[in-house]
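First comes the structure, then the notes that go with it.
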Amino acid sequence: MVSIAIVGGQWGDEGKAKITDLLSAKADCVIRYQGGANAGHTVMTPAGHFKFHLIPSGILFPETTSIIGPGTVIDPKGLWKEMQGLLEKNISLNNLRISGLAHLILPWHIDIDKATDQVGSTGKGIGPAYTDKAKRIGLQLFTFLDRWAFRDALEKSLAHHSFELERLGLSYDLDQVEREYLEVFENLKAHVADTIQELHEARKAGKTILFEGAQGTLLDISFGTYPYVTSSTPISGGACIGSGVGPAFIDYSLGVFKSFITRVGGGPFPSEIEAERETAQKLRQDGTLWAEYGTTTGRMRRVGWFDAVLARYSVRVNSFQSIAVTKLDTLDAFEKIMICTSYRDKRTGWVSEDIPCLNASWLSNYEPIFEEFPGWLSNTHGCNDIAQLPANAKLYLDEIARRLGVPVSIVSTGPQRADSIILHDPTQG
Ligand code: IMP
């Protein structure tokens, strides 16, 4: 029995779904605890290529219970589309559970997000839906169980936004919105459950539970590069808030980091190398199936070298016990590999390996200091045993572990499940 939080240590897109999928084989239950369809997770299995937005990737295992948790925000139409995509591929949804406490994304949330975004959002209505939750005017999923209460809540929500919607020139046919939502709810109804109870029963029965984070630590609303962040709490503490369990419930915190770093959307990015065009294209792996373009929006991801300062911060705010390093094979092509090992304060010249705060204007006072490491210029793609790695690749992983102060437990060397080196299996505690 073990409960593991799997959390992105960077700005999302670290390959969490691949790691979750890998560990799901030994898990009884997987829960998504925050965010919405702003996430885009790709999993490649022998049975095919799957893209997830809200449904936990544990759904690929028929015996595993997959939960969309209380801390998420749900666009019912988008979710139903995702469910249909899985059904078309013969994936059973019998074990999919949806918390009635999750908040609804309404059509005006999506339109307001697109019309007013300042940070390069995914345009999925995430910010406006979480704003309504915090303002205590949001609609929880279970509202639809009473169609009159649902209608009433829809009217109140629309009225609340009327001033802004008028300013933006947006209007809605409320009868149509109600009809469309109630139609979709008919398909979701059978999956709505008391997910808190399910989690606690699973724990009591000695089951292994995975808490699947979306986005990443540096996008966390409280601890990320504010204001260039998402509206939820991806860090490991968010697994409690978004699921309905206390801290003692979670035994293990696993951080997932890419062997380099990427970011989609606006905001500070100290180790970015976009200016070095050729290196950036190589890191982005342009032209490959796993090139660095957003799963949700198709946007090109900005790329940079591994930032150990930000990663140390991530380890701290998540209490990571070990880390998974993904996409090691991307670095195969580099003669020299850089790590951002410290920041220099541009005002005072002070150099530090640690940063106390990631606020965007605070970060702009710092510049990155890089150290060079020798590459290995040989193929690690598909390696599944540490002994197969070239000496310099092992040195690179050791260097990351040393700088972060936590061991590397998993190394991913390609998109398939089998392309993985497991040094320590977190499901064993
Ligand atoms: P929002 O979550 O759509 O409000 O977007 C806020 C910021 O988070 C934007 O910079 C997005 O690009 C970024 N973001 C949201 N979800 C993801 C993700 O799954 N991966 C990477 N970036 C994301």
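The values are calculated or read from the model by the stated rules, or taken from the named source; none is laboratory data. Bear in mind that the values here come from a model prediction, so they are computed numbers and not experimental data. Here the Cβ is made from the backbone with ideal geometry for all residues, glycine too, and neighbour counts use every protein chain on show. In case anyone asks, the SASA skips ligands and DNA or RNA and just uses the protein heavy atoms, side chains included. Shrake-Rupley method; radii C 1.70, N 1.55, O 1.52, S 1.80 Å.
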Added length on full extension, which subtracts the Cα-Cα distance from 0.36 nm per residue, Asn392 to Asp425: 9.5 nm
25 Å Cα-Cα threshold exceeded, pairs from Lys327/Lys394; Lys77/Lys207; Lys18/Lys124; Lys133/Lys327; Lys207/Lys394: Lys77/Lys207; Lys133/Lys327; Lys207/Lys394
Alpha-carbon Debye profile of the range 1-121, log10 I(q)/I(0) at 0.10 Å⁻¹: -0.31
For the chain, accessible area per residue (1.4 Å probe, heavy atoms of protein chains only), Å²: 40
Qualifying aspartates and glutamates (Cα of each under 13 Å from Cα of Lys26; at least 8 residues distant if same chain): Glu63, Asp425
Simple spin-label estimate for Arg179 and Glu164 in nanometres, 7 Å along Cα-Cβ: 2.8
Radius of gyration, Dmax [the chain; alpha carbons; angstrom]: 21.5, 66
FRET E, pair Thr288, Leu377, Förster distance 22 Å, beta-carbon r, rounded to 0.05: 0.75
Cut-off 15 Å between beta-carbons: net charge of the residues surrounding Asp152, Lys and Arg +1, Asp and Glu -1: -1
Size descriptor, Kirkwood hydrodynamic radius, that averages inverse alpha-carbon separations across the range 347-401, Å: 14.5
Estimated distance in nm for a label pair at Lys336 and Ser171, the labels positioned 7 Å out from Cα along Cα-to-Cβ: 6.3
Distant-in-sequence amide H partners of Ala37 (H built 1.01 Å from N, under 5 Å): Asp75
Of every Cα-Cα pair in the range 117-202, the percent that sits beyond 19 Å: 53
Descending Cα extents along the principal axes, the range 263-371, whole Å: 43, 34, 31
Separation in nanometres of the label points that stand 7 Å from Cα toward Cβ, at Ala190 and Ala205: 2.0
Cα principal axis extents for the range 200-339, largest first, Å: 53, 32, 28
Förster-model FRET efficiency, 25 Å R0, Glu88 and Gln416, C-beta, rounded to 0.05: 0.70
Trypsin sites (Lys or Arg not before Pro) restricted to the range 107-180 and DSSP loop, no more than 10 other C-beta within 10 Å: Arg136
Phe334 long-range amide H proximity, modeled H, under 5 Å: Trp376, Leu377
For the range 27-44, 3J(HN,Hα) per residue [Karplus equation, 6.51 cos²θ - 1.76 cosθ + 1.60, θ = phi - 60°, Hz, x = Gly/Pro]: 9, 9, 8, 10, 10, 8, 10, 7, x, x, 7, 5, 7, x, 10, 10, 10, 10
Net length gained if the chain between Thr295 and Lys51 were fully extended (0.36 nm per residue, minus Cα distance): 87.1 nm
Over the range 185-279 - Rg/Rh using Cα atoms and the Kirkwood inverse-distance radius: 1.10
For the chain, calculated [θ]222 nm from helices alone, where every DSSP H run of n ≥ 4 adds -39500 (n - 2.57): -9000 deg cm²/dmol
Portion, in percent, of the accessible area of the chain that falls on carbon or sulfur, probe 1.4 Å: 52
Karplus-derived HN-Hα couplings along the range 193-198 (A = 6.51, B = -1.76, C = 1.60, θ = phi - 60°), whole Hz, x at Gly and Pro: 8, 7, 6, 5, 4, 4
Using θ = phi - 60° and Karplus 6.51 cos²θ - 1.76 cosθ + 1.60, couplings along the range 214-222 (whole Hz; Gly, Pro as x): 10, 6, x, 3, 6, 9, 5, 4, 9
Potential lengthening between Lys81 and Ser222 on full extension [0.36 nm per residue; Cα-Cα distance subtracted]: 47.6 nm
Angstrom value of the Kirkwood radius, inverse mean 1/r, which spans all Cα pairs in the range 79-169: 14.8
